[in-house]
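Step one of this worksheet: look at the structure below.
Values quoted throughout were computed directly from the atomic coordinates according to the rules given, and no laboratory measurement underlies them. For clarity, every value in this text was computed on a predicted model and none was experimentally measured. Virtual Cβ from ideal backbone geometry, glycine too; neighbours counted across all protein chains shown.
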Amino acid sequence: MSDFFAPLIKIYKILYLIAYDITGNYGISLILLSFFTFVVLYPFNKKAQQIQTKEHKIQAILSPQIDVIKKNFSGREQYEQLQWLYHRYGYHPLYAIRSALGLIFQLPFLTAAYYMLSGLNEIQGVSWEFIPNLGAPDHLLDGINLLPFVMTMVTCVYAFVMPEISRKERLQTVVIGIFFLFLLYTAPSALLIFWTCNLVWSLL
């Protein structure tokens, strides 16, 4: 899979090392790289939010009518009634995927950052502030990695302070946050710092 993201991985590495040449600090360079990612993704995320808002509005219209159809019809008749309803509003159930566009836009960047930072020799054994090794899991709490929990906590805060997402999407965001907790628990500290900073920029 790394071959598929090779161009983006290369760009990330170049930008990160340029940031280091300017700052002389690998930790601050991570923050700058995450801010660059946020700026690049901002137009896409803004468009995704507009699409999500549209999805919420159409769901608010369709959901009560779908409930009535499911209550009063079954089998083939229910299917035909639902198809008529979708056709009336020019809607298809697959459009619900649009609510996940924000995450879909970010995943290639997270994946590229994962491969870049996991294989970057320059940060192996490099400490920053209270992080003993940016190229390895943090082991800050007697061998327990703290940064993955910080990342998950920020994800949950993000889910509950964003006013434009639905209750279902809040739950989905929390579930995704827990999934990434396990997925990235043994990831390099640098990656956890990078991704947590991305979430912080979004919150701010």
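Report summary: the helix-based calculation at 222 nm, which adds -39500 (n - 2.57) for every DSSP H run with n ≥ 4 and divides by the residues of the chain, gives -24500 deg cm²/dmol.
Across the range 101-204, how large is the tail of the calculated P(r) beyond 18 Å, expressed as a percent of all Cα pairs? It would help to have the intermediate numbers written out before the result.
Working: 2593 of 5356 pairs.
So the pairs more than 18 Å apart make up 48 percent of the total in the range 101-204.
When both the range 1-32 and the range 41-71 are represented by their alpha-carbon centers, they are found 36 Å apart. Lysine pair count for the range 1-150 with Cα-Cα distance under 23 Å and sequence separation of 8 or more or different chains is 5.
Could you state, as a whole-number percent, how many of the C-alpha pairs of the chain are farther apart than 31 Å? That fraction is 32 percent.
So if a site counts as exposed when it's one of the chymotrypsin sites (Phe, Trp or Tyr not before Pro), its DSSP state isn't H, G, I, E or B, and it has at most 14 other Cβ atoms within 10 Å, what's the longest stretch of the chain without one? Write out the running numbers ahead of the final one.
Values: sites that count: PHE4, PHE73, TYR89, PHE130.
It runs 131-204.
Provide the FRET efficiency to the nearest 0.05 for the GLU80-LYS168 pair, computing r from the beta carbons and using R0 = 25 Å. Once the sixth-power term is evaluated, E becomes 0.40.
Take the chain, mark every one of the GluC sites (Glu not before Pro) that falls in a DSSP loop and has at most 12 other Cβ within 10 Å, then report the longest stretch left between them, sites excluded.
Values: sites that count: GLU129, GLU164.
In short, 1-128.
Across the range 63-77, coupling constants 3J(HN,Hα) worked out from phi with the 6.51/-1.76/1.60 Karplus curve, θ = phi - 60°, read 3, x, 6, 5, 4, 5, 4, 5, 6, 9, 10, 8, x, 4, 5 Hz, and Gly and Pro carry x. Between ILE131 and any residue 5 or more places off or on another chain, the built amide H atoms are never under 5 Å apart. So if the hydrodynamic radius of the range 1-100 is defined as the Kirkwood radius over C-alpha pairs, what does Stokes-Einstein give as its diffusion coefficient at 20 °C and 1.002 mPa s, in µm² per second? The diffusion coefficient I find is 122 µm²/s. For the range 124-139, putting each phi into the Karplus relation 6.51 cos²θ - 1.76 cosθ + 1.60 with θ = phi - 60° gives couplings of 5, x, 8, 8, 8, 6, 8, 8, x, 8, 5, x, 9, x, 6, 6 Hz, in residue order, rounded to whole numbers and with x for Gly and Pro.
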